[in-house]
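Okay, structure first, notes after.
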Amino acid sequence: MKLPSYEHVNDPVWIKKRKKDWENIFYREMDEQAKYRWKYKEKYYFDGDVDSYIEGNIKASKREGGSVEGLDCPHIPEGIIYSPAETKEQLIEAIQSLVGWFQLNREKVLPRVCSGEMASFLNTLPRFVGTPEVGFSPQLADEMFFWIYGEEYDSNRVFPIPLGPDNWQPKLINYSNIFFLIVRRYVWCLFDENIAADKLEVQNFIFESKYQRYLLSMLPYVDVEFFSKELFDDRYISKKGDLIGGYQLVIRRFFMSLLGYKRPRDKKIFCRDFEKAEDLKRKILNLNMPPEFEDFVDFINEQKENAYRYTE
């Protein structure tokens, strides 16, 4: 299998920073895990060797599942978010190798496992708009998002290139997550007074006009249950199949902040850039939105800061 070329992985400065980033990931997610569950991920995080990652992933799966036939396979999402790639071309090669493995080894993998892994792959792609993982290049995440999803929302868009020897080119999914992640970045960068400086530096791509354009293009088409006056359970899935409950408070905070209201626990209204906030508010309110959104705006103006946790 042809491996991506990662010349930067030998740079001492890059290695030093990468080690610090790995410690952050390790102590957050893997500190109490058996070594066989994370050692191959650590190697991949530093060298990008896809073949070695796949082999290590399969060996770990065998130990976890007791060598149950049809369950031993690599996990594509981790192969993306832990990649040391710094260019789009490098990451595409890694994705091609990971997806291609399933197409070349379908007789070894249970169909339900294979379809589940492909769904996980598609559900991972929106994370590019939220920066996928510590140490993942924010510039690359930014480039990948717009390469995959285009400059404006398109519900019929497919992955930009065929993947693997089967030339699989799936339709993109999970736009509700994209909506949430873009809105959350606006909340952090515009209205969160306590965001850490390094996090703000990573997230402030959101101020570029292309993010505003994408958000404005998708807003008229998002699930109207996002604008419900009922505060749903965190696990609530809408009639259209979108996760709503876990996203609602961030969505409400965003629109409350734009309209000039704070959350009940906040001491004051904070906005990092009033000009940008006013421009975004004006453009959103001028969109041709469904009546549910107009009712949602009226609801916020009526309830003010109490709208944050209000429920019918």
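Rule-based calculations on the coordinates, nothing more; no lab input. Quick caveat, the model's predicted, so the values are computed rather than measured. Don't worry about glycine lacking a Cβ; one is built from the backbone with ideal geometry, like all the others, and counts go over all protein chains shown.
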Mean Cβ count within 10 Å, highest first, over the residues of peptides 122-134, 146-158: 122-134, 146-158
Under-5 Å amide H pairs with Leu163, H placed in peptide plane, nonlocal only: Trp168, Gln169
Residues Ile237 and Cys271, FRET efficiency given R0 of 30 Å [Cβ-Cβ distance, rounded to 0.05]: 0.35
Length gained when the stretch Leu104-Glu312 is fully extended (0.36 nm per residue, less Cα-Cα span): 69.7 nm
Most mobile listed residue (Val202, Val13, Val297) in the chain, GNM with C-alpha springs under 10 Å: Val13
Gain in span if fully extended, Lys281 to Met30, counting 0.36 nm per residue against the direct Cα distance: 86.2 nm
Normalised alpha carbon radius of gyration of the range 175-308 [divisor 2.2 N^0.38 Å]: 1.00
Table column - 3J(HN,Hα) (Hz), the range 209-214, Karplus curve with 6.51, -1.76, 1.60, x for Gly and Pro: 4, 5, 6, 4, 4, 5
Asn156 paired with Glu55, simple spin-label distance in nm, labels 7 Å along Cα-to-beta-carbon: 4.6
Amide H within-cut-off set for Val158, under 5 Å, with H built and near neighbours excluded: Leu172
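What is the diffusion coefficient of the chain in µm²/s, taking the Kirkwood radius over Cα pairs and the Stokes-Einstein relation at 37 °C with a viscosity of 0.692 mPa s? The partial results should precede the final answer.
Working: Rh = 21.4 Å.
So the translational diffusion coefficient is about 154 µm²/s.
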Charge dipole magnitude, Cβ of K and R +1, D and E -1 - the range 7-149, Cα centre, debye nearest 20: 380
In the range 33-179, lysine pairs closer than 13 Å at Cα, eight or more apart or cross-chain: 5
Helix 88-104 vs. the chain, principal-axis angle (Cα, 0 to 90°, nearest 10): 60
J(HN,Hα) series, the range 191-197, from Karplus relation 6.51 cos²θ - 1.76 cosθ + 1.60, nearest Hz, glycine and proline x: 10, 9, 5, 9, 5, 5, 4
Along principal axes, Cα extents of the range 62-213, largest first, whole Å: 52, 34, 27
Distance between modelled label sites at Asn204 and Lys20, nm, 7 Å Cα→Cβ extension: 1.8
Pair Leu249, Val134: separation of 7 Å Cα→Cβ label points (nm): 2.3
Anchor Lys276: lysines whose Cα lies under 28 Å away (excluding residues fewer than 8 positions away in-chain): Lys199, Lys210, Lys229, Lys262, Lys267, Lys268, Lys304
